[in-house]
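Colleague: First the structure, then my questions, so here it is.
Quick note: the coordinates plus some simple rules give every number you see, no bench work behind them. Note that the coordinates shown come from a computational prediction; the quantities given were computed from them, not determined experimentally. In this analysis, Cβ positions are derived from the backbone assuming ideal geometry, glycine residues included, and neighbour counts consider all displayed protein chains.
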Amino acid sequence: MNLAVIGLQFGDEGKGKIVDYLSPRFNIIARYCGGSNAGHTVIHNGKDYKLHLVPSGVLQGKIGVLGNGMVIDPITLRDEVSFLRDEGFKTEIFISSKAHVVTPLHREMDAIEERKRNIGTTKRGIGPAYETKVKRVGIRVADLLDRDLVFKKLTLISMLWDLKREEKELKKMAVELHSIGLEFKEQIVDTEMYLLNAMDSGKSVLFEGAQGFMLDIDFGTYPYVTSSHTSALGISPGLGIPFRRIDRILGVAKVYTTRVGEGPFPTELHGEFADMLREKGKEYGATTGRPRRVGWLDLPMLRYATRINDVDEIALTKADVLSELPQVSVAMEYLCDGRIYPYPPPYVERCKVKYITMPGWKNLEDNSFRNYVELIEKNTGAKVTIISYGPKRGDTMEL
């Protein structure tokens, strides 16, 4: 069986832990979108590991695939792989020859653009890398094996974005990128054919999403979104895998909602209660360390995410964080311009939220928590099959 694991909210749902937990059941873990702007925190033998490019399953000794839909910073990848190997992990990976490369120029472009528009990016160069890809001047991973080609494309990017980099500096950049490309030469393959051949031979694949559905470039809270397809719909173009090869889709959601950076957040909480929830849930970004905004569970968002992604089952995370509260609130629908919406409309920031209040729970055996789970299942049509109640791998139960 081949399984996709995706985030159903604004990212940071705990996908890394769920992928790590499920990895022993699969042969290959393949990531299909994003870049080092995504961060998966996994606890292994009591130690925190923050992964930005390498799929989470490598900590379980699985083969990791970085798909063509990703944008890869070679410097970050080299450092991440070196760190993991120094820690004793085998870290067997394959990198798509067709994935695009994030360079120092892209980071500079990102910083310039963010100052002008304040979208809330990580300034890791992700958006600009997708820009150069679509503009058809991007550097692909296969290009790293040709130093002159890298220099030529760096020069073109610098010229088109008026970055005014000197030739000497661009040549030095090309040499470094080429050198890293040579280090990964044996791992640079046509990963679409590698994956198809592996599945044909009976091997199973877990497709790892990055960030969350509501940050999808088309279906998220545009323009406060990322630059790739974070939905399950992005798996086929992001890995070259026919959609019929995906047997089941597992969506990951917190029992409340969080968001990092700018953008609309209908159920956001403020004040002392929000501060308490943030501290109890340790809600700080794995990539940037920025404090996450926190809010109640948003069922219109989950309805939309499970419908568009055709989600079969849900993993609920951070179930322990809401414990000991006398009551919890859940957003049931939006009221926008006199119309009721059961899902997020394009201009969700104009909406008011209609809530219901439910009794809180002391532990996961309480009827109140079971009712909370049943409410989610009823409104999404997906079965809750995994509940995570702590950061450790073992703090997980299957239903």
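Colleague: Need the list of aspartates and glutamates near K164 for cross-linking: C-alpha distance under 13 angstrom, and skip anything on the same chain fewer than eight residues off.
Modeller: E108
Colleague: Sort 14-22, 159-167 by packing, meaning the average of other beta carbons within 10 Å per residue, with the highest value first.
Modeller: Working: 14-22: 25.1, 159-167: 12.2.
The densest-packed peptide leads the list: 14-22, 159-167.
Colleague: Of the cross-linked pairs K133/K378; K50/K203; K123/K203; K90/K318; K282/K352; K98/K171, which ones have a Cα-Cα span greater than 32 Å in the structure shown?
Modeller: Long pairs (Cα-Cα over 32 Å): K133/K378; K123/K203.
Colleague: Please express the shape of segment 1-96 as an equivalent ellipsoid: the semi-axes are the square roots of 5 times the eigenvalues of the C-alpha gyration tensor, given largest first in whole angstrom.
Modeller: Numbers: eigenvalues 59, 52, 40 Å².
Taking √(5λ) for each Cα gyration eigenvalue gives 17, 16, 14 Å.
Colleague: Turning to a different aspect of this structure: Determine the dipole magnitude for segment 101-183: charges of +1 sit on the beta-carbon of Lys and Arg, -1 on that of Asp and Glu, nothing else is charged, the reference point is the Cα centre, and the result goes in debye to the nearest 20. Write out the running numbers ahead of the final one.
Modeller: On the way: 18 positive and 14 negative charges, 47 e Å.
Dipole magnitude for segment 101-183 comes out near 220 debye.
Colleague: Still on this model: Under the 0.36 nm per residue contour assumption, what length would be gained going from the current alpha-carbon distance of F273 and R248 to full extension?
Modeller: On the way: separation 25, 0.36 × 25 = 9.00 nm, distance 3.72 nm.
Between F273 and R248, full extension yields 5.3 nm more.
Colleague: Ranked highest first by average number of other Cβ atoms within 10 Å, how do 277-283, 148-154 line up?
Modeller: 148-154, 277-283
Colleague: Work out, step by step, the length gained on full extension between Y341 and I75: first 0.36 nm times the residue separation, then minus their alpha carbon distance; give nm to one decimal. Kindly include the intermediate steps, with their values, before the conclusion.
Modeller: Details: separation 266, 0.36 × 266 = 95.76 nm, distance 4.49 nm.
Answer, rounded to one decimal: 91.3 nm.
Colleague: For segment 350-365 and segment 1-16, what is the centre-to-centre distance using only Cα atoms, to the nearest Å?
Modeller: For segment 350-365 versus segment 1-16, the Cα centre distance is 23 Å.
Colleague: Apply 1/(1 + (r/R0)^6) to the Cβ-Cβ distance of M397 and E167, taking R0 = 56 Å, and write down the FRET efficiency to the nearest 0.05.
Modeller: The calculated FRET efficiency here is 0.40.
Colleague: Separate question: In vacuum, with every alpha carbon of the chain counted as one equal point scatterer, what does the Debye formula give for log10 I(q)/I(0) at q = 0.15 Å⁻¹? Two decimals, please.
Modeller: The Debye formula, applied to the Cα set alone, gives -1.38.
Colleague: Contour minus end-to-end for R307 and T385, with contour as 0.36 nm per residue of separation and end-to-end as the Cα-Cα distance?
Modeller: Stretched out fully, the R307 to T385 stretch lengthens by 26.3 nm.
Colleague: Return the single residue from L322, L177, L375 with maximal mean-square fluctuation; model: Gaussian network over the chain, springs between Cα atoms under 10 Å.
Modeller: L375
Colleague: Mind telling me which of D143, D73, D366 comes out most flexible in a GNM of the chain, alpha-carbon contacts under 10 Å?
Modeller: Sorting by GNM fluctuation, first place goes to D366.
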